[in-house]
Amino acid sequence: MKLYNTLTRTIEEFKPQNPDEVKIYTCGPTVYNFPHIGNYTSYIYWDLLIRTLKANGMTPKRVLNLTDVGHLTSDADDGEDKLEKGAKREGKTVWEIADYYSNYFLENYGKLNLTQPDIIARATDYINEDIKLVDTLTEKGYTYETSDGVYFDTSKFTAYPDFAKLDLDHLRAGARVDFNTEKRNVSDFALWKFIKPDEDHAMRWDYLGRPGYPGWHIECAAIIHEKLGETIDIHTGGIDHIPVHHTNEIAESECAFDKKMCNYWLHCNFITIDGEKISKSLGNTYTLEELDEKGFSPLDFKMWVLQGHFQGTRNFSFTDLQAAKARRLNWRNKAAESYQLGNIEKTDVEAKILEKLNENLNSPEAFSTIDTNELSFEDWKYVDELFGLKITEGIEETPDFIKNLIEEREEARIRKDFAIADDIRDQLAANNYYVKDTPTGPVWQFLA
Ligand SMILES: [Zn+2]
C-alpha cells in the first residue's frame, strides 16, 4: 500500500511499526459552530484510509480529538478563543457550547457512515498532560515566559522550518507591525496563555500561579503522547495545517521526547463551491442539513467527495452532486439486480478495486473500476466495506409486501389486466420501488 507522505513529499510504500496496531491521529474539529460541508471532506478521506488499511489486513488504532478550548480566531496566538466566542453568540456557557457542537459533529459523523475512532479525546480532558508537556519543554530550555503566556522558542529547534519548508527570513520580513513584541522570533508560538485580570475567559486552569489555558497545538501533542506513544504511524489533517499547527506539534513533541513524532503525514486539499472559497460572506457555507433539504443525503455527499482524490482541489456544485447521487443510485440498483438474479459470477474485481486504493487512495480510479466491471452481490458488499456508502443497504431485507406486489403485477400483466398492473406500479412507487423487466423476469429497483 502506497501513500503520499508530506514529510518526504513523495509517494512511499506504507510500513507500519506494527500492522496489528497502526497508530493514527486525526486533528478533529473545533466544536463551536455548525461545520459546513467542506469541513467534513477530510474525515471522509480519512475514513477511506482506515477502511483501506483494514482491507489490507491491518488493524488501526485511531485517535480523534475535539478541540473545546484554546483555538484562537487568529493563528498568531491572538484574537478570541473560538469557544468563548460561540458562548457569547448563543448566550450559553462554553461547556454547553462544547457539548452541543461535539454531539452535533459526532451525529453527522454517524450519518456519513464514517468508521468510529477508537478513542475520541476532548482537549479539556487533557489539561494535566498539556501542563506536563510544557514543564518538560521548560526543563529542556525550549520555552520562555512573556506577560501573556509561555512561548516555544523556535530558534532552539533547528529542524523547525523543515516540515513545511518554511522560509523564516521571509516570514520575519512579512511580520505584522503589531507583532507581539515580547516574542523572540516571529514563528514562536504560545504553549500556554495567561488570562488577564479583566479578560472574560470562562475555561481556566491554574498554572505557574495564575489562571490560564492551553495553546491550541499542545493538546494534539499531549493527546498523541498519552494515547498513542512517542512515534505514531500516520497523522492526518488538512493542508492548511502544515505551516503552523502541524509544524508546531512536531516541535513540541520532538523536543520533549527526542523521538520522531510521526512516520507518515497525510494532508487533504480544500473544496471550493461554484469556484469560490467557502465563506460566510459568500453565503455558501452549506451544512449537511441544507443539502438534505435539497434532496441530497449525507451519503450522496460522501459519494461526491470520494469521486475526487484526497490531494486534489475539488469544486463543488449542485449539478455535480446530482450526478454523484445518480451514480450511487445506479450502483444500488445494480447491486439489487445482482442480488435478485444471482447471475454474476465472482471474479477478481475486488482485488482490482483494492489495487487502486493501494495506489495512494485513488478512489476516483477505484470508482471507474466499479463502473466498468460486473459485480456480484458479494462484491457489492465488499464495495460497502471499502467506502461505507451503504450500497447494499435494504436489499436483502425487501419487505414481503413489496415482493407480493411484484408477483401480483406480473400476474396482472400476463392476464393483460393493465389497470391493476398500473395501480400496483403506483403502490410500488409510493414505497420507493419500481419494477424493471429483464430477460430473466422482473426485478425491483429503487426509485430514488
Ligand atoms: Zn492537531
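The values are calculated or read from the model by the stated rules, or taken from the named source; none is laboratory data. Computed from a predicted structure; not experimentally measured. Here the Cβ positions follow ideal geometry from the backbone for every residue, glycine too, while neighbour counts run over all protein chains shown.
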Item to complete: Quick one: count up the residues across the stretch 281-296 that are assigned to a loop (DSSP other than H, G, I, E, B), within 19 Å of LEU114 (Cβ to Cβ) and free of Cβ contacts under 8 Å to residues at least 40 places away in the same chain.
Response: 1
Worksheet item: Counting only residues that are out of contact with any Phe, Trp or Tyr (no Cβ under 7 Å at 6 or more places or on another chain) and within 16 Å of the ligand (Cβ to nearest atom), how many does the stretch 34-60 have?
Response: 3
Worksheet item: Taking ILE278, is it among the β-branched types (Val, Ile, Thr) and not in a loop (DSSP other than H, G, I, E, B)?
Response: no
Practice prompt. Taking only the stretch 131-162 into account, find how many residues are in contact with a strand residue (DSSP E or B) (Cβ under 8 Å, 6 or more places away or on another chain) and not in a helix (DSSP H, G or I).
Written response: 11
Worksheet item: Which one of these does TYR207 not meet: (1) touching a Lys or Arg at 6+ places or on another chain (Cβ under 9 Å); (2) more than 19 Å from LYS259 (Cα to Cα); (3) aromatic (Phe, Trp, Tyr)?
Response: (1)
Worksheet item: Limited to the stretch 40-83, what total is found for residues that are in contact (Cβ under 8 Å) with a residue 40 or more places away in the chain and assigned to a loop (DSSP other than H, G, I, E, B)?
Response: 11
Fill in: Flag if LYS88 is at pLDDT below 95, assigned by TED's automatic domain parsing to the domain that holds ARG172 and surrounded by 15 or more Cβ atoms within 10 Å (Cβ to Cβ)
no
Worksheet item: So how many residues does the stretch 341-371 have that are part of a loop (DSSP other than H, G, I, E, B) and either of a type outside the set (S, T, N, Q) or surrounded by 13 or more Cβ atoms within 10 Å (Cβ to Cβ) (or both)?
Response: 9
Item to complete: Say whether the condition of being under 25 Å from the mean Cα position of the chain (by Cα) and hydroxyl-bearing (Ser, Thr, Tyr) is met by at least one residue in the stretch 180-196.
Response: no
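Taking the conditions exactly as written (surrounded by 10 or more Cβ atoms within 10 Å (Cβ to Cβ), at pLDDT below 80 and out of contact with any His (no Cβ under 7 Å at 6 or more places or on another chain)), does ALA175 satisfy them or not?
yes
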Item to complete: Look through TYR264, TYR286 and report the one residue that is outside the structural domain of LYS61 (by TED's automatic domain parsing), more than 13 Å from the ligand (Cβ to nearest atom) and among the aromatic types (Phe, Trp, Tyr).
Response: TYR286
Fill in: Residue ID - nearest to LEU321 (Cα to Cα), chosen from residues in the stretch 240-261 that are away from the ligand (no atom under 12 Å from the Cβ) and surrounded by fewer than 16 Cβ atoms within 10 Å (Cβ to Cβ)
LYS260
Worksheet, complete the sentence: Just one listed residue, out of ALA222, ALA190, is away from the ligand (no atom under 11 Å from the Cβ), of a type in the set (A, V, I, L, M) and crowded, with 24+ Cβ neighbours inside 10 Å, and it is ALA190
Practice prompt. Could you grab me the full set of residues in the stretch 214-241 that are within 10 Å of SER253 (Cβ to Cβ), among the hydrophobic types (A, V, I, L, M, F, W, C) and either in a strand (DSSP E or B) or touching a Phe, Trp or Tyr at 6+ places or on another chain (Cβ under 6 Å) (or both)?
Written response: ALA222, ILE224, ILE232
Worksheet item: Among the residues of the stretch 94-117, is any modelled with pLDDT under 95 and under 27 Å from SER147 (Cβ atoms)?
Response: yes
Worksheet item: Mind checking which residues of the stretch 12-33 are away from the ligand (no atom under 16 Å from the Cβ) and closer than 21 Å to ARG314 by Cα?
Response: none
Item to complete: Could you identify the single residue in HIS201, HIS235 that is within 16 Å of the ligand (Cβ to nearest atom) and either at pLDDT below 95 or assigned by TED's automatic domain parsing to the domain that holds VAL134 (or both)?
Response: HIS235
Response to the item:
So, first residue over 22 Å from THR73 (Cα atoms) in the stretch 211-228, second residue near the ligand (Cβ under 8 Å from one of its atoms) and of a type in the set (Ser, Thr, Tyr), Cβ within less than 6 Å, six or more apart or across chains; the pairs are ILE224/TYR25
Worksheet item: Does ASP169 satisfy the condition of being surrounded by fewer than 20 Cβ atoms within 10 Å (Cβ to Cβ) and either outside any helix (DSSP H, G or I) or not assigned by TED's automatic domain parsing to the domain that holds THR30 (or both)?
Response: no
Worksheet item: Going by the conditions given, is PRO16 touching a residue at least 12 places away in the same chain (Cβ under 8 Å), within 17 Å of the chain's Cα centre (by Cα) and within 22 Å of LEU228 (Cβ to Cβ)?
Response: no
Item to complete: Restricting attention to the stretch 109-130, report how many residues are assigned to a helix (DSSP H, G or I) and more than 17 Å from ASN65 (Cβ to Cβ).
Response: 2
Fill in: Which listed residue is within 27 Å of the chain's Cα centre (by Cα) and assigned by TED's automatic domain parsing to the domain that holds GLU80, from SER102, SER155
SER102
